[in-house]
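Working notes, structure below.
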Amino acid sequence: MSVPVLLVTGFLGAGKTTVINHLLTAPHGKRLAAVVNDFGAINIDAELLAGSAEGMVALQNGCICCTLQGDLLRTLSLLLRRDPAPEGIVIETSGVSDPAEIVRSLLDPVIWREAALDAVLCVADAQALADRPAMLDDALLLSQLRAGDVISLNKADAVPAGQLADIRARLAALLPGRTVLETRCGRVPAGLFLSDDPLAFPDRALPAASRFATPGFESLSWTAEGPLSLPRFQATVSRLAPLLVRAKGILRFEGQQHPMLFQMVGQRATFGAAPAAPPGVAPVRLVLIAENGRLQPDAVRALLNDCRA
Ligand SMILES: Nc1nc2c(ncn2[C@@H]2O[C@H](COP(=O)(O)OP(=O)(O)OP(=O)(O)O)[C@@H](O)[C@H]2O)c(=O)[nH]1
């Protein structure tokens with residue numbers, strides 16, 4: 001019997017990792033494996049996933065719709081040979097991936113026999129769409145939305161009801177007949193996905209070939225061995241924010257005992273509790289993502305180096 005696969009797509013920072021964490025910890029009684037693809041040399045998402053050591057494979061420094069496609073297929077075949085085998089596989093694409101290419105690979109009959117694509121879930125960021133309605137004209141975002149069998153309109157808590165209704169109306173016009181679920185903190189109904197019935201979403205058309213052979217984004221990864229000065233880091237982030245689409249990192253600040261999880265989506269930055277670092281990794285790890293050509297790596301690294309306490 002083939003193992004159902006859920007492909008989770010969505011723009012940078014929409015909440016894909018949050019959704020997958022919810023699915024991994026929801027009480028559905030299934031043994032799930034996750035494959036996460038972070039577009040950067042350091043895979044922060046892998047560290048943020050519950051039980052990340054068990055059944056989790058990180059594909060990094062590239063994007064699975066382009067350079068890492070072969071790696072994805074090899075990874076699936078390794079996961080399927082694990083004992084005990086997973087009962088469901090969740091694949092998180094990086095926020096810069098066009099899922100059309102990945103769907104095409106997964107529809108390959110050889111893969112399908114063992115790991116059948118059950119559904120594509122597109123996580124859309126209600127807060128970003130409320131702030132920047134023009135995002136819905138973005139070709140990559142459109143491709144991600146169109147690939148979705150189900151759209152999770154996430155961060156519904158952060159948007160007033162009237163604006164949420166406007167966004168739903170725009171999505172309904174763009175994607176007629178598609179299921180749109182308003183979600184908070186990625187809490188999609190787990191029972192909707194990874195069912196044993198591979199025909200739950202039977203109308204999948206073979207997607208058109210990708211228009212995003214080269215992603216229009218670049219990432220810069222930076223690490224430090226010692227703590228940072230919080231005021232200097234905040235000043236640097238304010239300076240860099242207009243250039244960035246997304247940033248995330250696990251940071252240590254002078255005078256603080258615990259590491260902090262730093263997340264920035266668009267211009268909004270938040271700090272939260274970070275999981276304990278795995279042994280042997282640098283205590284400060286940061287990934288910045290920007291449109292191609294916007295970051296001058298040496299200058300950015302110099303600014304970040306100046307944040308060291
Ligand atoms: N207010 C609010 N914030 C959320 C919600 N879901 C996720 N977030 C926050 O949004 C930020 C990005 O969430 P992630 O789950 O890392 O997003 P992602 O799509 O995996 O990000 P990339 O992998 O970098 O593309 C984090 O700070 C989350 O805590 C939500 O429903 N409401």
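The values are calculated or read from the model by the stated rules, or taken from the named source; none is laboratory data. Just so it is clear, the structure is predicted and the values come from calculations on it, not from any experiment. Neighbour counts run over all protein chains shown; Cβ positions are idealised from the backbone, glycine included.
Going through I20, I89, I102, I64 one at a time, which residue ends up being crowded, with 24+ Cβ neighbours inside 10 Å, closer than 29 Å to E182 by Cβ, of a type in the set (A, V, I, L, M) and modelled with pLDDT under 80? Reasoning before the result, please.
Numbers: I20 fails: modelled with pLDDT under 80; I89 fails: modelled with pLDDT under 80; I102 fails: modelled with pLDDT under 80.
Criteria check complete, one pass: I64.
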TODO: Please work out which one of (1) within 25 Å of R184 (Cα to Cα); (2) at pLDDT 85 or above; (3) charged (D, E, K, R) is the condition E47 fails and give its number.
DONE: (2)
Open item on the list: Taking the conditions exactly as written (of a type in the set (S, T, N, Q), out of contact with any strand residue (DSSP E or B) (no Cβ under 6 Å at 6 or more places or on another chain) and within 15 Å of the ligand (Cβ to nearest atom)), does Q127 satisfy them or not?
Closed with: yes
Task: All positions within the stretch 78-110 that are hydrophobic (A, V, I, L, M, F, W, C), farther than 15 Å from V35 by Cβ and either within 16 Å of the ligand (Cβ to nearest atom) or not in a helix (DSSP H, G or I) (or both) - done: V96, L107
Open item on the list: Looking only at the stretch 129-155, how many residues end up being buried (at least 24 other Cβ atoms within 10 Å of the Cβ) and farther than 19 Å from L192 by Cα?
Closed with: 3
- [ ] Starting from the stretch 167-192, take each residue that is assigned by TED's automatic domain parsing to the domain that holds A156 and at pLDDT 95 or above and list its partners that are assigned to a loop (DSSP other than H, G, I, E, B) and of a type in the set (A, V, I, L, M, F, W, C), counting only C-beta distances under 8 angstrom and pairs at least six apart or across chains.
- [x] I167/V159
Open item on the list: Every residue in the stretch 128-162 that is assigned to a loop (DSSP other than H, G, I, E, B) and closer than 24 Å to P189 by Cα, please.
Closed with: G148, D149, K155, V159, P160
